[in-house]
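> Have a look at the structure that comes next, please.
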Amino acid sequence: MVHHVGLRDQLVAALQSRGMPATSAQTGREALDALDGDLVGALIIDSELPLIGGFELAKAVRRHPRGAHLPLVVVTDARWSPSQKAAALQQMGLLDLLSKPVDPMQVAELLVAELASASVEAPEPLADQASRDEKHHVEKAVRAVRTEPVLLRGNLQTTPFPELLHQLYAKRAVGALFLLRDNVKKIVYFKEGHPSYVKSNVLAECLGKVLVREKMISEGDCAESLRRMKETRRQQGTVLIEMGVISPQNLVVGLELQLQAKLLDIFSWTRGEYLFKRDVKLPSEVIALEWNNATLIAEGVRRRWDPPRLKQALEPLLDRYLAPARDPKLRFQEFPLDEVDQVFAAEMDGRRTLRELLAATPLTEARALCAAYVLITTGVVAALGAPQADEEEAAEAAVPPEQALRGQLAAELISFRRRDPFGVLGVAVGSSDEDVEEAYSRLARKYHPDRFRNVSAETRELALEIFRLAHQAYQTVATHGQRQEYKARLRTGEVSVLSEAGGRSLHAERLASQARGAIEGQRYGEARQALAGAVQLCPDAGDLRALLGWAIFHEAPDDPENARDAVQQLRRAVELAPRDEQGYLLLGRVYARMGKMILAQRQFERAVQCNPASSEALAELERYRDQLPQRRFPR
């Protein structure tokens, strides 16, 4: 309802970018007609509307049956004194009265905050009990953290959310970030500097609402699933699958979209308090955030920041020279750049300022601003006060698969530690500086710690050792002068053959291989002994601990004490490897043998979330379906 066409379009775009359906009306009559259709959640009114003025329209809205409590924002060309503004706000019950020019994104955030706060307090018909429990947990945790010592405390006005994320990444932070804005409260959990999970007290962000919004199910389907959940005590996702309205694969997509929506919303906040607390137990959820920190920053800025906000953030850096970061842990982060953005990033070679790069790029202004801000904020490129020589980026290498990764990395580490710096990098003694740089970039990308954040601590340590060796080798022979100096004072071959971590991992893999053969032959006592040794060598390896629990149980399945030991090992296994379906399958089968059917089905449900194509997990759910208590609906 803004008379000025340009501002009206900007406001619509800003609201839509925040995930809010928005449309415009050119006259007051159109606005009142929209109220008759019950499609309006809030109104932005221009005081200079034709035919009927904005303030007259606001009064008419308040007289309308559906407009008595509608959030209203009025924008005006006039300048109001504080007392005049206060009187107008009170008289018409306005959310705000803004003088032009206005920032469309700030207006959008004002409405989003108001509607989100309302949804926190108001009942949400599509919210399941899990979402209501999460709301209470978040609010209780926020009340507690306000009285406890914290590592970081501040405001998003001075430290925007993308920059806060990078600070936590640089600290390799582990703990919980509490974000508070009015009635909206969120907790983002971090594991080694990467966000792993998010919780919210906003019921409108519940799973059912997300699935309906994405048109993956209907509101009727959602309501029916909630009814059946109360009767059967099963999770909403499992009920939806059994109803035949969603596939296991699409359920996982929906759960991932729910987490992303909760987190991406924070990027639009221009204000709010934050607190970071260490020593917080991280949720052991199956569905976790897959984006690493750099990817999250890129996606959040791209989706939630508009060009005016980006310009304001980059203004102090326009006359700085952009160059690749010297720290390999920053420079070689996993990053979602397409080919066009990569060309723009490659031009940041230390010889031109940000102003010059923005002026010369063929990218649109919005895209160039976004790419520049993200690259600077994540530390992939550095903003320097003086120009420097250019550097090249190499092509990204693939990460080895998770299965059997420890053994593979341990073997590679043995090989690397036997080599001199030339052998580590895989270059000839007479190679050029460019050849050495390219080889190092390739290795640094392949073994960068970010690529191994979802594996066990032992596996990460092996990759990190190789990464360190590559960096050390590069620092030794990066330039022609360094290579000549190295050849003059060293002869190859006098290095340690095997690291301690590599030796432990290789030995553990040999024991695990023996145990698997023993399990196949039903020699469970032998398997238990071998796996106990493997777990002692690699205590954080969830897959090995899951096999140990399985062997313990089958050694004496009718012994209650033995069963408790097995369950304890299996529960620890799924905590260590929350995305490995095998641990949940084995734990579910043990629970089923013990007659604990509700606990068993929870594990099979989680196995399906880990791998929606898991025929074993789906078969187990179907197998024990009739044995669940209080089953009240037909198959």
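The values are calculated or read from the model by the stated rules, or taken from the named source; none is laboratory data. Keep in mind it's a predicted model, so treat the numbers as computed, not measured. Heads up, the Cβs are rebuilt from the backbone with ideal geometry, glycines too, and the neighbour counts pull from every protein chain shown. Only protein heavy atoms, including side chains, enter the accessible area calculation; ligands, DNA and RNA are left aside. Shrake-Rupley method; radii C 1.70, N 1.55, O 1.52, S 1.80 Å.
> Before we move on, is ARG571 under 16 Å from LEU511 (Cα atoms), touching a residue at least 12 places away in the same chain (Cβ under 8 Å) and either of a type outside the set (S, T, N, Q) or touching a Leu at 6+ places or on another chain (Cβ under 6 Å) (or both)?
The answer is no for ARG571.
> Filter region 389-411 down to the residues that are open to solvent by 40 Å² or more (accessible area, probe 1.4 Å) and in contact with a Gly (Cβ under 9 Å, 6 or more places away or on another chain), then identify the one that is modelled with the highest pLDDT. Write out each step before concluding.
Our first condition is that a residue be open to solvent by 40 Å² or more (accessible area, probe 1.4 Å); within region 389-411, this holds for 389-393, 395-396, 398-399, 401-404, 408, 411.
Narrowing the set further to residues that are in contact with a Gly (Cβ under 9 Å, 6 or more places away or on another chain) leaves 389-391, 411.
On the way: ALA389: 54, ASP390: 44, GLU391: 39, ALA411: 73.
It comes out as ALA411.
> In region 44-63, what count of residues is obtained for those that are in contact (Cβ under 8 Å) with a residue 12 or more places away in the chain and either in a helix (DSSP H, G or I) or touching an Asp or Glu at 6+ places or on another chain (Cβ under 8 Å) (or both)?
Qualifying residue count, region 44-63: 11.
> Which of the residues spanning region 341-359 are more than 19 Å from PRO316 (Cα to Cα) and either among the small types (Gly, Ala, Ser) or modelled with pLDDT of 95 or more (or both)?
Hits for region 341-359 are ALA345, ALA346.
> Only residues that are crowded, with 19+ Cβ neighbours inside 10 Å and either within 18 Å of VAL574 (Cβ to Cβ) or under 33 Å from the mean Cα position of the chain (by Cα) (or both): list them for region 513-536, please.
LEU531, ALA534, VAL535
> Specify the residue that is modelled with the highest pLDDT; the eligible residues are those in region 20-38 that are surrounded by 15 or more Cβ atoms within 10 Å (Cβ to Cβ) and within 31 Å of the chain's Cα centre (by Cα).
Ranking the candidates gives ALA22 first.
> Filter region 479-503 down to residues that are in a loop (DSSP other than H, G, I, E, B) and either modelled with pLDDT under 85 or touching a Leu at 6+ places or on another chain (Cβ under 7 Å) (or both), then give me how many there are.
Residues flagged as in a loop (DSSP other than H, G, I, E, B) and either modelled with pLDDT under 85 or touching a Leu at 6+ places or on another chain (Cβ under 7 Å) (or both) within region 479-503 amount to 10.
> Give the residue that is most open to solvent (accessible area, probe 1.4 Å), with candidates limited to residues of region 537-560 that are of a type in the set (Asp, Glu) and within 12 Å of MET594 (Cα to Cα). Reasoning before the result, please.
The initial filter retains those residues of region 537-560 that are of a type in the set (Asp, Glu), namely 540, 543, 555, 558-559.
Applying the additional criterion that residues be within 12 Å of MET594 (Cα to Cα) yields 558-559.
Numbers: ASP558: 140, ASP559: 68 Å².
Filtering region 537-560 for residues that are of a type in the set (Asp, Glu) and within 12 Å of MET594 (Cα to Cα), the one most open to solvent (accessible area, probe 1.4 Å) comes out as ASP558.
> Please find, among GLU605, GLU622, the residue that is more than 19 Å from ALA551 (Cβ to Cβ) and either small (Gly, Ala, Ser) or crowded, with 21+ Cβ neighbours inside 10 Å (or both).
On inspection, the qualifying residue turns out to be GLU605.
> Shifting gears a bit: Determine if region 328-340 includes at least one residue that is assigned to a helix (DSSP H, G or I), closer than 25 Å to ALA366 by Cα and of a type in the set (D, E, K, R).
Narrowing region 328-340 to residues assigned to a helix (DSSP H, G or I): 328-331, 339-340.
When the remaining residues are screened for being closer than 25 Å to ALA366 by Cα, the result is 330-331, 339-340.
Then keep just the ones that are of a type in the set (D, E, K, R); that gives 331, 339.
Checked against the condition, which is being assigned to a helix (DSSP H, G or I), closer than 25 Å to ALA366 by Cα and of a type in the set (D, E, K, R), region 328-340 yields at least one hit.
> Considering only residues that are among the charged types (D, E, K, R) and open to solvent by 60 Å² or more (accessible area, probe 1.4 Å), which ones fall in region 579-602?
The answer is ARG579, ARG593, LYS596.
> Identify the single condition in (1) at pLDDT 85 or above; (2) within 39 Å of the chain's Cα centre (by Cα) that ALA457 does not satisfy, given that it satisfies every other one.
The number of the failed condition is (1).
> Would a scan of region 213-220 turn up a residue that is assigned to a helix (DSSP H, G or I), crowded, with 19+ Cβ neighbours inside 10 Å and not aromatic (Phe, Trp, Tyr)?
Scanning region 213-220, I find no residue that is assigned to a helix (DSSP H, G or I), crowded, with 19+ Cβ neighbours inside 10 Å and not aromatic (Phe, Trp, Tyr), so the answer is no.
> Please verify whether VAL150 is of a type in the set (Val, Ile, Thr) and under 30 Å from GLY208 (Cα atoms), treating the condition exactly as stated.
Numbers: of a type in the set (Val, Ile, Thr): yes; under 30 Å from GLY208 (Cα atoms): no.
Against the criterion (of a type in the set (Val, Ile, Thr) and under 30 Å from GLY208 (Cα atoms)), VAL150 does not qualify.
> Moving on to the next point. Please work out which residue is nearest to GLU605 (Cα to Cα), limiting yourself to region 264-295 and to residues that are of a type in the set (S, T, N, Q), open to solvent by less than 10 Å² (accessible area, probe 1.4 Å) and outside any helix (DSSP H, G or I). Spell out the reasoning first.
The initial filter retains those residues of region 264-295 that are of a type in the set (S, T, N, Q), namely 268, 270, 284, 292-293, 295.
Applying the additional criterion that residues be open to solvent by less than 10 Å² (accessible area, probe 1.4 Å) yields 268, 292-293.
Right, trim to outside any helix (DSSP H, G or I) and you get 268, 292.
Details: SER268: 34, ASN292: 26 Å.
Taking the candidates together, the pick is ASN292.
> Within region 568-578, is there a residue that is under 15 Å from ARG406 (Cβ atoms) and either of a type in the set (A, V, I, L, M) or surrounded by 21 or more Cβ atoms within 10 Å (Cβ to Cβ) (or both)?
Yes, there is a match, as at least one residue in region 568-578 is under 15 Å from ARG406 (Cβ atoms) and either of a type in the set (A, V, I, L, M) or surrounded by 21 or more Cβ atoms within 10 Å (Cβ to Cβ) (or both).
> (1) farther than 28 Å from LYS446 by Cα; (2) free of Cβ contacts under 8 Å to residues at least 24 places away in the same chain: which one isn't true of ASP306, the others all being true?
(2)
> Taking the residues in region 186-207 that are touching a helix residue (DSSP H, G or I) at 6+ places or on another chain (Cβ under 7 Å) and at pLDDT below 90 as candidates, determine which candidate is surrounded by the fewest Cβ atoms within 10 Å (Cβ to Cβ).
Of everything passing the filter in region 186-207, ALA204 is surrounded by the fewest Cβ atoms within 10 Å (Cβ to Cβ).
> Among the residues of region 303-346, what is the count of those that are surrounded by fewer than 17 Cβ atoms within 10 Å (Cβ to Cβ) and closer than 30 Å to LEU11 by Cβ?
12
> So, one more: So ALA298 fits all but one of (1) over 16 Å from the mean Cα position of the chain (by Cα); (2) surrounded by 21 or more Cβ atoms within 10 Å (Cβ to Cβ); what number is the exception?
The single condition ALA298 does not satisfy is (1).
> Test each condition in (1) under 30 Å from GLN582 (Cα atoms); (2) part of a strand (DSSP E or B) for ALA261 and report the one that comes out false.
Here ALA261 clears every test but (2).
> If you don't mind, another one. For residues that are modelled with pLDDT under 85, open to solvent by 30 Å² or more (accessible area, probe 1.4 Å) and in a helix (DSSP H, G or I), tally how many sit in region 221-245.
Number satisfying all stated conditions: 3.
> Checking the condition open to solvent by less than 20 Å² (accessible area, probe 1.4 Å), at pLDDT below 75 and part of a helix (DSSP H, G or I), which residue from VAL107, VAL112 passes?
Checking each option against the conditions leaves just VAL112.
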